[in-house]
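To start, the structure itself, in structure tokens.
The values are calculated or read from the model by the stated rules, or taken from the named source; none is laboratory data. Keep in mind that this is a model prediction, so the values were computed, not measured. Don't worry about glycine lacking a Cβ; one is built from the backbone with ideal geometry, like all the others, and counts go over all protein chains shown. Ligands, DNA and RNA are stripped out before the accessible areas are found, and what is left, the full protein with its side chains, is counted by its heavy atoms. Shrake-Rupley method; radii C 1.70, N 1.55, O 1.52, S 1.80 Å.
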Amino acid sequence: MKPAQVDAYLRRIGVTHPAWPTADVLRELHLRHLLTVPFENLSIHLGQEIALDEERLLDKVVGDRRGGFCYELNGAFGALLKALGFDVTLLAGRVYGEGDRLGIPYDHLALRVRTVDGGDWLADVGFGAHSHYPLAFGERGEQADPAGAFRIIVAGADPA
């Protein structure tokens, strides 16, 4: 991502350029993104092409001031975080559905983000209703957040 694109993205979410990729900065970026970039899937319903390359994601989210679904929002947010110096890993996810069964593989995209101050976080700005702040990746107990209590669990195998 070019410096001008980083600046435009930060303006889009109302944040000044951070000095360091710390946990506090990640928390601010995560919340500001959730408050300014909507979860939406209008492109799917309008029959528009969905492109997940960085340039097209930035054009949609920053240039067109649109939102998107998990792959678009977390893809763009992950690119921004990388450009700011965070260590970002894309995570394929599955969403629990009816009957507490896991959905199809690769049904969701989330981010694992490491910060320079030793934090290891699950960031997700593309779920619609999720935590306001990143969750501590290694924590398995309840994590309090303004949106509720969240837990990260290791899912077992699908029930037969």
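One line per residue, one yes/no per condition, for (1) of a type in the set (Gly, Ala, Ser); (2) open to solvent by 20 Å² or more (accessible area, probe 1.4 Å):
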| position | (1), (2) |
| --- | --- |
| Arg65 | no, yes |
| Phe69 | no, yes |
| Leu73 | no, no |
| Phe77 | no, no |
| Leu80 | no, no |
| Phe86 | no, no |
| Thr89 | no, yes |
| Arg94 | no, yes |
| Gly99 | yes, yes |
Legend entry - Leu90 vs. criteria out of contact with any Phe, Trp or Tyr (no Cβ under 6 Å at 6 or more places or on another chain), without any contact (Cβ under 8 Å) to a residue 40 or more places away in the chain, within 21 Å of His30 (Cβ to Cβ) and not in a loop (DSSP other than H, G, I, E, B): yes
Legend entry - From Ala92, Ala51, Ala76, residue being of a type in the set (Gly, Ala, Ser) and modelled with pLDDT of 95 or more: Ala76
Inset, instruction - Just give me the residues in region 101-128 being within 12 Å of the chain's Cα centre (by Cα), surrounded by fewer than 19 Cβ atoms within 10 Å (Cβ to Cβ) and either of a type in the set (A, V, I, L, M, F, W, C) or modelled with pLDDT of 95 or more (or both), in sequence order. - result: Arg112, Phe127
Legend entry - Criterion (hydroxyl-bearing (Ser, Thr, Tyr), in a loop (DSSP other than H, G, I, E, B) and touching a residue at least 60 places away in the same chain (Cβ under 8 Å)) met by exactly one of Tyr133, Tyr106: Tyr133
